[in-house]
């Protein structure tokens, strides 16, 4: 049985795919309003934490407090998995808060409720083996590959350096386009359509996710400032 903490958009997606293989118990602070799905049920935090695998699907900014809360509730040989879009800080928090007997696997699924609504095949997932038996890690990696996922292994630092460009900067551009008011126009170009696609990628995500991916990624601010500087240089060349 799999335990999942957090039942927002990504928590529901995670529960749905896991429930195809295992029964799932979910803890969420607020009531689950949707109809119950087969093999997914709501449970108390204590029961969810007793499961062999506990997946944390909560905002990055909530992680630290949650880890302190669940640390004494976890089974001795539990595996804790996070799905945060940054890795350095959450890994540090998990190592500090969780008992030494608890295994830790940091992950970043490179897809969301919209892009993976119909299937997982072809999407990427990053795995950072923090504190986990090699055999178990290989088994998990193989299982994800068999589901059609492209599995990438990285250190938390490697992940955050690259994701500062490929995710945080992309969302920054998308949010900027939304603030600018980049609407559909009848006289458009393929390039403009691609810019509008970036806006579409980010507009369903919460401001909290956007804020957290910048606040907790140690490389995001530098990349953002470098990009803004490049735009300013181009603007001054035009002037």
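Taken together, the values in this text are just the output of simple stated rules run on the coordinates, not laboratory data. In this text, all values refer to a predicted model and were calculated from it rather than measured experimentally. Cβ: placed from backbone, ideal geometry, glycine included. Neighbour counts: every protein chain shown.
The share of alpha-carbon pairs in segment 6-96 lying farther apart than 19 Å comes to 37%. List the relative contact order of the chain as a percent without decimals, with contacts defined as Cα pairs under 8 Å and 6+ residues apart. Answer for the chain is 15 percent.
One chain, two ends: residue 221 and residue 46. Fully extended at 0.36 nm per residue, the span grows by 59.2 nm beyond their Cα-Cα distance. The calculated FRET efficiency for residue 62 paired with residue 231, based on their beta-carbon distance and R0 = 30 Å, is about 0.35.
Under 13 Å from a point 7 Å along the Cα-to-Cβ line of residue 121: which residues of segment 133-169 have their amide N that close? Zone members listed by number: 146-150.
Could you give the angle, 0 to 90 degrees to the nearest 10, between helix 88-97's Cα long axis and the longest principal axis of the Cα atoms of the chain? Approximately 20 degrees, to the nearest ten. Taking label points 7 Å from Cα along the Cα-to-Cβ direction, residue 162 and residue 195 give a separation of 2.9 nm. With both labels modelled 7 Å from their Cα along Cα-to-Cβ, the residue 211 to residue 114 distance reads 2.1 nm. Across segment 158-238, the fraction of Cα-Cα pairs farther apart than 19 Å, rounded to a whole number, is 45%.
A Förster radius of 22 Å combined with the Cβ-Cβ distance from residue 155 to residue 96 puts the calculated FRET efficiency at roughly 0.80. Each DSSP beta bridge with both residues in segment 2-154 is either parallel or antiparallel, and the antiparallel ones are about 20%. Placing a pseudo-label 7 Å from each Cα along the Cα-to-Cβ vector at residue 69 and residue 21 gives an inter-label distance of 2.8 nm.
For segment 223-239 and segment 150-217, compute the distance between their C-alpha centroids and round to whole Å. Centre-to-centre (Cα) distance: 18 Å.
Axis angle, to the nearest 10 degrees, between helix 60-70 and the longest C-alpha principal axis of the chain: 10 degrees. Considering only Cα atoms, the convex hull volume of the chain works out to 144 Å³ per residue.
Can you compute the helix-only [θ] at 222 nm over the chain? Use -39500 (n - 2.57) per DSSP H run of at least 4 residues, normalise by all residues, nearest 500 deg cm²/dmol.
Values: 10 runs with 109 residues, N = 239.
Helix-only estimate at 222 nm: -14000 deg cm²/dmol.
Note: segment 93-202, Cα convex hull, 133 Å³ per residue. Residues 158, 226, 190, arranged from fewest to most other Cβ atoms within 10 angstrom of their Cβ, appear as 190, 226, 158.
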